[in-house]
Amino acid sequence: MWTGIVLGALLALLVLLVALFLLVPVELEGAWTEERQGAGLAGPGLRVRFDAAEGTVALRVLGIRLGPWRTQGGERPARRKPRRRRKRQRKEGRKGPSVSPRKLWQERRRIVSALRAFLRRLRLRRFAASVVIASPDPAWTGWAAGMAYAGRGALPAQLRAGLRLRPDFESEVPRVGAEAAIRLQPLAIAVLALRLWLVVRRARRPRPKQGEGGQRGQPAREAGGRNGAP
């Protein structure tokens with residue numbers, strides 16, 4: 001009796017934790033500037049930081065800091081030699097149905113609908129970008145700057161306010177820096193993945209069987225032989 005009660009309580013707690021993880025919004029942020037290159041994820045009681053310049057990952061759970069751990073360098077374990085013969089047999093014998101590009105194109109409306117529904121759930125919290133336009137040819141720099149200023153007017157107001165353009169006629173190398181933060185629910189990612197998986201599943205074409213061609217041609221040959229028989 002007590003075992004069933006404990007298992008039921010653990011199962012209810014697990015379901016509650018999964019529901020909280022899917023429904024509670026999280027914030028994704030990233031930066032690629034001269035001062036910082038990295039990304040992070042922040043949620044209730046959880047924070048993950050990735051520093052691309054140092055190659056480290058730091059984790060903070062309920063205020064307790066864990067790490068940082070290095071993601072680059074160090075000795076890698078020796079890899080086993082690939083068994084080409086076994087891999088070839090698996091590919092030839094267990095090859096699944098491939099995706100038909102024509103059927104995938106026919107499902108483009110469902111793909112666009114899924115992406116639009118996902119984008120509607122995104123909330124842009126912060127956006128700042130700096131683009132320095134430069135090239136060896138000052139005339140090309142001026143032309144590119146004019147095109148960039150004209151294209152910035154077509155952006156949404158929040159993106160247009162955070163985008164800074166500056167032509168540099170003395171430098172020859174363009175420079176780009178950006179910072180952004182978005183807020184979303186993990187449930188939106190799960191729904192998008194499920195909808196795209198269903199679209200890909202509809203677009204799959206079955207693999208023809210090895211004996212299918214011979215079985216189809218055999219009745220025709222037999223009929224031809226009967227008609228031509230004396």
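Tabulated data for the structure shown
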read-out	value
Protection proxy ranking, peptides 29-42, 142-155, average beta carbon neighbours within 10 Å, highest first	29-42, 142-155
Extension gain (nm, one decimal) between Leu124 and Ala148, 0.36 nm per residue minus Cα-Cα	6.4 nm
Under-5 Å amide H pairs with Leu46, H placed in peptide plane, nonlocal only	Leu62
Protection proxy ranking of 59-71, 172-184 - average other beta-carbon atoms within 10 Å, highest first	172-184, 59-71
³J(HN,Hα) computed for each position of the range 153-162 - Karplus, 6.51 cos²θ - 1.76 cosθ + 1.60, integer Hz, glycine/proline x	x, 8, 7, x, 4, 5, 6, 5, 6, x
Neighbourhood net charge (14 Å Cβ-Cβ; Lys/Arg +1, Asp/Glu -1) for Ile133	0
Per-residue HN-Hα couplings for the range 168-177 [Karplus 6.51, -1.76, 1.60; θ = phi - 60°; Hz; x = Gly/Pro]	10, 7, 9, 8, 10, 10, x, 9, 9, x
Under Karplus coefficients 6.51, -1.76 and 1.60, residue-wise ³J(HN,Hα) of the range 123-130 in Hz, glycine/proline x	10, 7, 8, 8, 8, 8, 9, 10
Theoretical gain in end-to-end length, Leu22 to Thr71 [0.36 nm per residue, Cα-Cα removed]	14.9 nm
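None of the figures in this text is laboratory data; all of them are computed from the coordinates on show. Everything numeric in this text was worked out from a predicted model, so none of it was measured. Here the Cβ is made from the backbone with ideal geometry for all residues, glycine too, and neighbour counts use every protein chain on show.
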